[in-house]
Amino acid sequence: MDTLLAAPDPPVDHRRRWRYPSTGGRDRRLDLLRGYALAAMAINHFGLSQSFLHEASGRSEFLISAAEAFLFISGFTLGFISIGRTPDEATSRLSSRTWTVYLATIGISLAFGVIALTTSYELWGELEAGAFTGAWHWIGQVVTMQTAFNGADILIAYVLYLGAAVGALRLMMTGRSWIVVAAVGGLYALAQLAGDGAMRLGFASFRALIPNAPLFFGGLLLGYHRERVATWWTSVPFRRAIDIAALALAVALAWLHATGWSAWPELGRRIAGDELAEPLALREFAMPWVPLLVVGLYLRVLWMIVDELWVPLRRTLGWFLLPLGEASLFTFAMHLVAIPLVVNLAWWPGEEIGRVAATAWVMTYLAIIYRAVLLRRRTLDWLRAGVPWRELVRRRGPVVTVAALLIAVPIASASPVGAAEWGSFVDEDDELDERHDDELEDDLDEDLDDVVGGVIDAYVDGAITADEVIEMIPAEVGPADRSRVRVLLVDDPWAAETEIIRLLQRDDD
């Protein structure tokens, strides 16, 4: 994900007008697309969906999501940069990258766990301490990626795909790509036949790993065999017409989706699932072959757009998107930092603001991420200045930081805020017994469960919208919790039901 700074753009071949110049070296189209995916992901996770910038991000409601584009591009880039390396070189490089991403994944959960245990700041979700027997239990679950906090679950799939890619690349480099194709294709087919949830692994990934594996490993295969694929594509007759037809199909599907699939509801159910307006849940948990093909179609269209319009895109958006794409792991981590940083400001207005004000807040949030990325660039230059102790800090700093966080979590759990957050592990069973003895409270909880359950059922059936569900949450509930519920409504409506009940009970307390 993170990479060394790219060299300046190669000179533009004016005979190709706006197209990307065909030169060797780093392909900056991948950086631009990865930067766009990260920016869209950051915008969607922030909330304030009424902003104008959400029109460009898709609001996680389109036929392809930023996460899907990012997975494919990451696999493609990994395969591309492995060309010409020996298996041992590729294994060493990929193992190092996997370790870095793993440290970032558990470091995010641990760091925000310390913040949750020592402050009253609003974060992305709750620690759900009732599910654990103590701080070390939670730490063990984080380290083994059985649980995650504050958005770190999004990285878990990437860590596991990178780990599996070590073996896949060795097979590809020894001329046995067919084994990778057969393994990924066979597992995907089995997942489709077994049905939703039948082949879920025990990791806290934000999406089902096996049904979504073709995105990453398809990109890995295409990236590694890029030259062979390009040679084959140039020999295809009418390839220009094929691309034009793909663009027309993408536009037609976007129009059908925007109009609620009223002209072709059966196709809409095949592509978007029964919840026509929010197709992401189907792709995250099942990814049937029809939505997978549609995602592939839009990936091709995005590549065509960047390739054909490289010069104007580079001049207008490159200053912002390229740095994000070049430092993708840091960009992702920084957007998780920037969300609570902004929503906990004393003058934060909340979700109920106009489109212009919402756009201004989203731009402020993106500016924080962008400036942090530029600061990271200067910091890395300073650390690479050839001074031995700086090099030691650069190489060992992440490990030392995570080790310090492993010690900090148990210490923080003993603080007054931490004790309240975790609910005092020693007395947890006694507290549960007291609640169970209170019949009146039980009756009230059952009524609340019925009410919220009915609302979620209506939402799943399409009778009400996500906004109408959010309206039942009290105004006192903060924007971070509201955003969390909105994301859960798309990802897992029944998890959203549990979260809404928890928020309502907390408000009553």
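The values are calculated or read from the model by the stated rules, or taken from the named source; none is laboratory data. Fair warning: this is a prediction, and the values are worked out from it, not measured in the lab. All Cβ positions, glycine included, derive from the backbone under ideal geometry; neighbour counts span all protein chains shown.
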Taking the criterion of being surrounded by 23 or more Cβ atoms within 10 Å (Cβ to Cβ), in contact with a helix residue (DSSP H, G or I) (Cβ under 8 Å, 6 or more places away or on another chain) and within 22 Å of VAL400 (Cα to Cα), would at least one residue in region 118-129 satisfy it?
no
Could you tell me how many of the residues in region 260-274 are without any contact (Cβ under 8 Å) to a residue 60 or more places away in the chain, surrounded by fewer than 16 Cβ atoms within 10 Å (Cβ to Cβ) and in contact with a Gly (Cβ under 9 Å, 6 or more places away or on another chain)?
2
Qualifying residue in region 311-323 (condition: in a helix (DSSP H, G or I), small (Gly, Ala, Ser), buried (at least 20 other Cβ atoms within 10 Å of the Cβ) and assigned by TED's automatic domain parsing to the domain that holds LEU30)
no
Single unsatisfied condition, ALA338 versus (1) hydrophobic (A, V, I, L, M, F, W, C); (2) within 16 Å of ALA66 (Cα to Cα); (3) in a helix (DSSP H, G or I); (4) within 17 Å of the chain's Cα centre (by Cα)
(2)
Condition check: in a helix (DSSP H, G or I), over 21 Å from PRO279 (Cβ atoms), within 14 Å of the chain's Cα centre (by Cα) and not hydroxyl-bearing (Ser, Thr, Tyr). Does GLY35 satisfy that?
yes
For region 133-149, how many residues meet the condition of being touching a Pro at 6+ places or on another chain (Cβ under 8 Å) and closer than 23 Å to ALA66 by Cα?
0
Which residue pairs have Cβ atoms under 8 Å apart, sit 6 or more places apart or on different chains, and have a first residue in region 75-99 that is closer than 16 Å to GLY223 by Cα and a second that is among the acidic types (Asp, Glu)?
PHE80/ASP27; ILE83/GLU227
Within region 226-257, take every residue that is within 31 Å of the chain's Cα centre (by Cα) and of a type in the set (Gly, Ala, Ser) and give me the one that is nearest to LEU276 (Cα to Cα).
ALA254
What is the one condition in (1) closer than 25 Å to ALA208 by Cβ; (2) free of Cβ contacts under 8 Å to residues at least 24 places away in the same chain that HIS257 does not satisfy?
(2)
